[in-house]
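Below: the structure, in structure tokens.
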Amino acid sequence: MAYRILTINPGSTSTKLGCFEGEKELFTMNVSHDAEDLKKFATISDQLPYRKDMILNALKEANIDLSTIDAFVGRGGGLMAVEGGTYTINDIALDHARRGANGIQHPAQLGPQIARGFADEYQKPSFIVNAPDTDELCLEARITGIKGVYRNVHLHALNLKETAIRHSNNNGWNYEDKNYVVCHIGGGISVSAHQKGKMIDGFDIVGGEGPMAPTRCGSIPAAELIRYCFAHDDMKEVLALTTKTGGFVSHLGTSDALDVSNRANAGDKDAKLVWDAMIYQLIKCISAMAGVLHGKVDGILLGGGMVHNKELVSRITAACEWIAPVSAYPGEFELEAMAAGAIRVLEGKEQVKEYTGKPVWTPDQLD
Ligand SMILES: Nc1ncnc2c1ncn2[C@@H]1O[C@H](COP(=O)(O)OP(=O)(O)O)[C@@H](O)[C@H]1O
Ligand SMILES: CCCC(=O)OP(=O)(O)O
């Protein structure tokens, strides 16, 4: 009989939940959270009871009995840089997710905590699949212009890889033979370069890199940011601009991109400038990743909630199709990808990995 998997994906602006039996979707839920609602929680961990109760209520309404679940999968987060793949949520992974051991605070950290909690209660396994901390960077991508400061990426690895794999399959290609620029355009925005099955470059989207996003400031000129820090007392508030209060939230007070695009279309000049600037920055970042791939790009793939917006897709296509064909995959495949990762491991088709807490790359490897 097919394995029954529960997948839990807490994002910056939503909580997504899925229950799958093999490849069959039994139930999915996507609840949007307004940035103002989440602002009342001082820390990510403070959101745990709120998000967990929402999940339990949704499961009750859908008549899904947790005791029938074979494995629980949580979106990763808080982990040290890891190879892609499926990991057991062991005590080290749980501890790192709880305290955000990599220094990042993001709701994805709640995924392993909730999944492991259910798994312990029902004596079942729990997993993380292609965590946001997946790191396959080429060495040059790690080096910055300050000695001793290195790039550590955190991005939508799960959806980026799944989108690239599905696009390859749809065309009868192997992901491992092709080069892509892959984007996830949602509450956060990831732009990444994939070379023959490895994500060799990408922006640290919770570290103030890449395009501005609904909840994120994106790349800022360093000196301007330093001056901004000198002019502000609360560094926690400044840091939050990189993960939850930057981008649309900073400019317009909302993280709802649909609202911003509607306002822009209705003639709101402020909304239009910010909407246009985000698209401009996306185009610039896509072109940068195409350069990293020496222009040898087999496709530019767009995923994430904002890709439902036809105007955004057509503007990116018009600006970037000289590089490679642009394909839109609105929404994301994260819930299915998490279930598929767990099933591959349960069926013995893929070796489960053990999280050690040691990052895949440290600066002493330069010596
Ligand atoms: N047609 C649309 N036009 C513009 N934005 C949209 C549209 N549909 C959804 N969105 C936006 O997509 C964002 C959510 O994307 P999603 O990938 O689900 O985010 P998350 O990062 O929370 O997983 C929200 O800001 C939502 O308003
Ligand atoms: C930590 C990187 C993943 C991410 O930013 O996800 P959301 O856009 O869902 O917040």
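For Ser190, state whether it is within 12 Å of ligand 2 (Cβ to nearest atom) and either over 30 Å from Glu336 (Cβ atoms) or not aliphatic (A, V, I, L, M) (or both). So Ser190 passes the test.
Can you name the residue in segment 226-274 that is within 16 Å of ligand 1 (Cβ to nearest atom) and on the phi > 0 side of the Ramachandran plot and is also most open to solvent (accessible area, probe 1.4 Å) among such residues? Applying the filter and picking the extreme gives Gly253.
Each residue in segment 50-100 was checked for being crowded, with 16+ Cβ neighbours inside 10 Å, assigned to a helix (DSSP H, G or I) and among the charged types (D, E, K, R), and 3 pass. Among the residues of segment 13-57, the ones that are under 17 Å from Ala108 (Cα atoms), among the hydrophobic types (A, V, I, L, M, F, W, C) and more than 13 Å from ligand 1 (Cβ to nearest atom) come to 6 in all.
Taking segment 166-192 as the search range and keeping residues that are part of a loop (DSSP other than H, G, I, E, B) and within 16 Å of ligand 1 (Cβ to nearest atom), which one is nearest to the chain's Cα centre (by Cα)?
Restricting attention to segment 166-192, the residues satisfying the condition of being part of a loop (DSSP other than H, G, I, E, B) are 171-174, 178, 186-188.
Pick out the ones that are also within 16 Å of ligand 1 (Cβ to nearest atom) and you get 186-188.
Numbers: Gly186: 9, Gly187: 9, Gly188: 7 Å.
Checking each candidate, the answer is Gly188.
Sort out which residues of segment 1-15 are more than 14 Å from Lys244 (Cα to Cα), within 16 Å of ligand 2 (Cβ to nearest atom) and modelled with pLDDT under 95, and write them in order of number.
Narrowing segment 1-15 to residues more than 14 Å from Lys244 (Cα to Cα): 1-9, 15.
Subset that is within 16 Å of ligand 2 (Cβ to nearest atom): 7-9, 15.
Listed by number, the list holds a single entry, Thr15.
Annotation note: of Ile323, Ile286, the sole residue that is open to solvent by less than 20 Å² (accessible area, probe 1.4 Å) and within 19 Å of Pro211 (Cβ to Cβ) is Ile286.
The values are calculated or read from the model by the stated rules, or taken from the named source; none is laboratory data. This structure is a prediction, so every number in the text was calculated from the model and none was measured. Here the Cβ is made from the backbone with ideal geometry for all residues, glycine too, and neighbour counts use every protein chain on show. The area values use the complete protein model at the heavy-atom level, side chains included, leaving out ligands, DNA and RNA. Shrake-Rupley method; radii C 1.70, N 1.55, O 1.52, S 1.80 Å.
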